Amino acid sequence: MSVGIVSYGTYIPKYRIKVEDIAKVWGDNADILSAGLMVNEKSVPDLDEDTVTIAVEAARAAICRGSLDPSRVGAIYTGSESHPYAVKPTSTIVAEAVEATPEMTAADFEFACKAGSAGMQACMGLVQSDMADLGLAIGSDVSQGAPGDALEYTAAAGGAAFVIGNKEEEMVAIIEDTYSFTTDTPDFWRREGMPYPEHGGRFTGEPGYFKHVLGAAKGLMGKLGTSAEDYDYAVFHQPNGKFPSRVAKMLGFSKEKIAPGLVVTRLGNTYSGSCLMGIAATLDQAKPGDRIFATAFGSGAGADAFSFRVTDKIDKIRDKAPQVEELLANPVYMDYAMYAKHKGKIKRA
């Protein structure tokens, strides 16, 4: 039985802060940072925005874009590393907000930045087995970076939602296959109660990101008998602009193939929403028949690779919800003081 994306939706807060405004506070060289990270600015949540509100907006956009009856959604999985409650699911709030309750199942996923793609795989299994008509997988985060830490220059806010189904006449993209590569690699972590995550510095690169992304990507290509030349587009997890650009080159993908989905330069790293946001941005441009290769990465560490084939259904629903470029347009910039207020970095006694 085929399975694929029936619809998708995204949400990005309107606020931004430029790398140079963060660097100014900490005495860093903004030009060197921007060039090294390949990030110029990042999104910032509004005072009343969190993982839940972002997930709800993305989910509503996905349901609206597909003109779907929310009662058909039999499963909702929200992946995030910034769930607002330690004990209280995000996904039940989303389910209620989109009117998918009560005949459905819901759970929150956590696997650093690939929790959203893990949700997609879970939804694939449910709809392929006919345990659910439609599944809704969401990656949403208001990611954190300690003041002055390298993460502060990229940790952003945003989310993407994908409706997964098994009816070919509804699919905008068939999921040809998926492949995962996972080990216990502690490159990034945050204990319960800690306000900010810690990371292993350069250890997050080769043994973390590159080992796992390459492992999943090569594993899927080997399984399918494909290579970079068989795909029109490619998307990789975007902790910055440098890592996905480098891994794409290592796998044989040209700059042109990753350009549509490489939104990190203007958005920052939306963690669980990162790779999913890139897939959505690519679907905003892809034509029927195009093939998209995507690999999400999550610290800890693991990677999920996917192969998609776009169908002619995409042209019928693409314009029924805001596209990623529309959400990136017309940002409202803030200085570091306002940013610190929005991110809760300033605590009252």
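Conditions first: (1) open to solvent by less than 10 Å² (accessible area, probe 1.4 Å); (2) in a loop (DSSP other than H, G, I, E, B); (3) more than 30 Å from residue 52 (Cα to Cα). Residue 248 passes all but one, so which condition is the exception?
It fails just one condition, (2).
What are the residues in the range 6-56 that are farther than 30 Å from residue 166 by Cβ, of a type in the set (A, V, I, L, M, F, W, C) and in contact with a strand residue (DSSP E or B) (Cβ under 9 Å, 6 or more places away or on another chain), if any?
Across the range 6-56, the qualifying residues are 17, 19, 22, 30, 39, 44.
Results for (1) open to solvent by 60 Å² or more (accessible area, probe 1.4 Å); (2) touching a residue at least 60 places away in the same chain (Cβ under 8 Å), shown as yes or no for each residue.
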site: 144; (1), (2): no, yes
site: 180; (1), (2): no, yes
site: 185; (1), (2): no, yes
site: 192; (1), (2): yes, yes
site: 217; (1), (2): no, yes
site: 223; (1), (2): yes, no
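Conditions (1) charged (D, E, K, R); (2) within 19 Å of residue 311 (Cα to Cα), marked per residue:
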| residue | (1), (2) |
| --- | --- |
| 125 | no, no |
| 130 | yes, no |
| 144 | no, no |
| 147 | no, no |
| 155 | no, no |
| 159 | no, no |
| 174 | no, yes |
| 181 | no, no |
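Quickly run through the range 293-306 and pick out the residues that are under 15 Å from residue 261 (Cα atoms) and of a type in the set (S, T, N, Q).
Once the filter is applied, which keeps residues that are under 15 Å from residue 261 (Cα atoms) and of a type in the set (S, T, N, Q), the range 293-306 yields only 295.
I'd like the full set of residues that are part of a loop (DSSP other than H, G, I, E, B) and either touching a strand residue (DSSP E or B) at 6+ places or on another chain (Cβ under 8 Å) or surrounded by 21 or more Cβ atoms within 10 Å (Cβ to Cβ) (or both), limited to the range 251-263. It would help to see each step written out before you state the result.
Taking the range 251-263 and keeping what is part of a loop (DSSP other than H, G, I, E, B), we get 252-254, 262-263.
Hits for the range 251-263 are 253, 262, 263.
Starting from residues that are open to solvent by 30 Å² or more (accessible area, probe 1.4 Å) and closer than 20 Å to residue 273 by Cα, keep the ones in the range 56-74 and report whichever is farthest from the chain's Cα centre (by Cα).
Of all residues in the range 56-74, those open to solvent by 30 Å² or more (accessible area, probe 1.4 Å) come to 57, 60, 64, 67, 69, 71-72.
If we keep only those that are closer than 20 Å to residue 273 by Cα as well, we get 57, 60, 64.
On the way: 57: 14, 60: 16, 64: 19 Å.
For the range 56-74, the residue satisfying everything is 64.
Which ones in the range 83-125 are touching an Asp or Glu at 6+ places or on another chain (Cβ under 9 Å), of a type in the set (A, V, I, L, M) and at pLDDT below 95?
Within the range 83-125, 86, 112 meet the criteria.
So residue 267 ticks every box in (1) over 21 Å from residue 3 (Cβ atoms); (2) in contact (Cβ under 8 Å) with a residue 60 or more places away in the chain; (3) surrounded by fewer than 19 Cβ atoms within 10 Å (Cβ to Cβ) but one. Which box is left unticked?
(3)
So, in the range 305-349, of the ones that are among the acidic types (Asp, Glu) and in a loop (DSSP other than H, G, I, E, B), which residue ends up nearest to residue 278 (Cα to Cα)? Even if it seems obvious, please write down each step before you answer.
Within the range 305-349, the first condition is being among the acidic types (Asp, Glu), and the residues that meet it are 312, 315, 319, 325-326, 335.
Narrowing further to those that are in a loop (DSSP other than H, G, I, E, B): 312, 335.
Details: 312: 20, 335: 27 Å.
Here the residue is 312.
For the range 75-104, what are the residues that are in contact with a helix residue (DSSP H, G or I) (Cβ under 8 Å, 6 or more places away or on another chain), surrounded by fewer than 20 Cβ atoms within 10 Å (Cβ to Cβ) and not hydrophobic (A, V, I, L, M, F, W, C)?
The answer is 84, 99, 101, 103.
Output yes when any residue across the range 331-342 is among the β-branched types (Val, Ile, Thr), at pLDDT below 95, surrounded by fewer than 20 Cβ atoms within 10 Å (Cβ to Cβ) and over 15 Å from residue 160 (Cβ atoms), and no when none is. Spell out how you get there, then give the answer.
At the first step, the residues of the range 331-342 found to be among the β-branched types (Val, Ile, Thr) are 332.
After this cut, where a residue has to be at pLDDT below 95 as well, the list is none.
Within the range 331-342 (the criterion being among the β-branched types (Val, Ile, Thr), at pLDDT below 95, surrounded by fewer than 20 Cβ atoms within 10 Å (Cβ to Cβ) and over 15 Å from residue 160 (Cβ atoms)), the answer is no, since none of the residues qualifies.
Restricting the range 1-31 to residues that are polar (S, T, N, Q) and open to solvent by less than 70 Å² (accessible area, probe 1.4 Å), which is nearest to residue 280 (Cα to Cα)? Break it down stepwise before answering.
The initial filter retains those residues of the range 1-31 that are polar (S, T, N, Q), namely 2, 7, 10, 29.
Filter once more, keeping what is open to solvent by less than 70 Å² (accessible area, probe 1.4 Å): 2, 7, 10.
Working: 2: 20, 7: 10, 10: 7 Å.
If we take residues in the range 1-31 being polar (S, T, N, Q) and open to solvent by less than 70 Å² (accessible area, probe 1.4 Å), then 10 is nearest to residue 280 (Cα to Cα).
On the given criteria, is residue 129 among the polar types (S, T, N, Q), farther than 29 Å from residue 346 by Cβ, open to solvent by 40 Å² or more (accessible area, probe 1.4 Å) and touching a strand residue (DSSP E or B) at 6+ places or on another chain (Cβ under 8 Å)? Before you say what the answer is, go through the steps one by one.
Values: among the polar types (S, T, N, Q): yes; farther than 29 Å from residue 346 by Cβ: yes; open to solvent by 40 Å² or more (accessible area, probe 1.4 Å): yes; touching a strand residue (DSSP E or B) at 6+ places or on another chain (Cβ under 8 Å): no.
Criteria not met by residue 129.
The values are calculated or read from the model by the stated rules, or taken from the named source; none is laboratory data. This is a predicted model, so every value here is computed, not measured. Here Cβ is always computed from backbone atoms with ideal geometry, including for glycine, and neighbour counts include all displayed protein chains. Protein only, heavy atoms only, side chains kept; ligands, DNA and RNA dropped before computing areas. Shrake-Rupley method; radii C 1.70, N 1.55, O 1.52, S 1.80 Å.
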